[in-house]
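The next block holds one structure in the form of structure tokens; read it before the comments.
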Amino acid sequence: MLNLTGKNALVTGIANNRSIAWGIAQQLHKAGANIGVTYLPDDKGRLEKKVAELVEPLQPSLFVPCNVQDEAQVQAAFEAVKGKWGKLDILIHCLAFANKDDLTGSFVNTSREGFATALEISAYSLLKLCAGAKPLMTEGGSVVTLTYLGGVKVIPNYNVMGIAKAALEMNVRYLASELGPQNIRVNAISAGPIRTLASSAVGGILDMIHHVETVAPLRRTVTQTEVGNTAAFLCSDLASGITGQILYVDAGYEIMGMS
Ligand code: NAD
């Protein structure tokens, strides 16, 4: 049975009730995990308030700011985990960012700054979070990140985010190899298109969803809950032999060779 009772799970990337991270946090909580949430702080504290209200039903025992571009905040988040929980079992990396201009225009004109920002926030951050989590995963652990088909195949408008996802997926393999001897498993879920804040920044997201609904074997796209259930599985003992994998949760779209 899928049981995460007694497991401490730190979930990054909740912005609102459409966030994939919100779907994951709910399923981890349902499976019995003790939830900690990080949020991206803004000047006016609006996101903090919104996320705090949203996650309240899960009674998170940790609620900390964590902008992954800010080394001090990342460090403070893991110090909070250490102080409050002592050990960490589950880390959910569910965040990404690219400048909107780089997700609609010409790929060849991607700016140096835009390229670096997308790679730093969307891919390098997994390394930083794993570095913070490693010493706290004293009884082994599970790390799950979120990727997309655009990191493997060309998807219109995905552009620099495709490069970031390719880097993220390779990060998963290198991290799985390095952290495996400590019984820390690292996997990625490659989710089908879901309408969220981040995906709405990619030009033509509704067309992408419609295309998947037409072509995918299940004739639909997936929900945050389905991705959440898969994340809960990957974090559980049921997946104890799985690491370094990219698991497609996309209603089967990835297998199709011709639409
Ligand atoms: P979302 O907008 O709800 O989540 C993105 C999150 O990234 C937000 O919570 C935002 O606060 C956070 N974030 C951005 N910059 C940050 C920073 N510097 N520090 C900390 N957090 C930061 O959108 P989502 O679709 O739920 O995205 C979550 C993950 O799922 C992303 O990695 C995305 O690429 C991936 N994904 C999404 C889809 C989709 O169709 N929605 C499909 C496959 C993979």
In segment 146-174, anything part of a helix (DSSP H, G or I) and either charged (D, E, K, R) or free of Cβ contacts under 8 Å to residues at least 12 places away in the same chain (or both) is listed as 165, 169, 170, 173, 174
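Do we have any residue at all in segment 175-193 that's assigned to a loop (DSSP other than H, G, I, E, B), in contact with a strand residue (DSSP E or B) (Cβ under 8 Å, 6 or more places away or on another chain) and surrounded by fewer than 22 Cβ atoms within 10 Å (Cβ to Cβ)?
Within segment 175-193, one or more residues are assigned to a loop (DSSP other than H, G, I, E, B), in contact with a strand residue (DSSP E or B) (Cβ under 8 Å, 6 or more places away or on another chain) and surrounded by fewer than 22 Cβ atoms within 10 Å (Cβ to Cβ).
For every residue, the table says whether it meets (1) within 11 Å of the ligand (Cβ to nearest atom); (2) open to solvent by less than 60 Å² (accessible area, probe 1.4 Å); (3) farther than 22 Å from residue 29 by Cα.
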| position | (1), (2), (3) |
| --- | --- |
| 203 | no, yes, yes |
| 208 | yes, yes, yes |
| 214 | no, no, yes |
| 232 | no, yes, no |
Top-ranked residue in segment 92-118 [being over 20 Å from residue 196 (Cβ atoms) and open to solvent by less than 70 Å² (accessible area, probe 1.4 Å); ranked as modelled with the lowest pLDDT]
105
Going through segment 13-29 one residue at a time, which ones are of a type outside the set (Gly, Ala, Ser), open to solvent by less than 10 Å² (accessible area, probe 1.4 Å) and more than 6 Å from the ligand (Cβ to nearest atom)?
24, 28
Extreme residue, farthest from residue 224 (Cα to Cα), among residues of segment 1-12 that are touching a residue at least 12 places away in the same chain (Cβ under 8 Å) and open to solvent by 30 Å² or more (accessible area, probe 1.4 Å)
6
So which residues in segment 9-23 are assigned to a loop (DSSP other than H, G, I, E, B) and either modelled with pLDDT under 95 or not β-branched (Val, Ile, Thr) (or both)?
13, 15, 16, 17, 18, 19
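The values are calculated or read from the model by the stated rules, or taken from the named source; none is laboratory data. Just so we're clear, the structure is a prediction, and the values are computed from it rather than from any experiment. Note: ideal-geometry Cβ built from the backbone for every residue, glycine included; neighbour counts use all protein chains shown. Areas reflect the complete protein model, heavy atoms only, side chains present, ligands, DNA and RNA absent. Shrake-Rupley method; radii C 1.70, N 1.55, O 1.52, S 1.80 Å.
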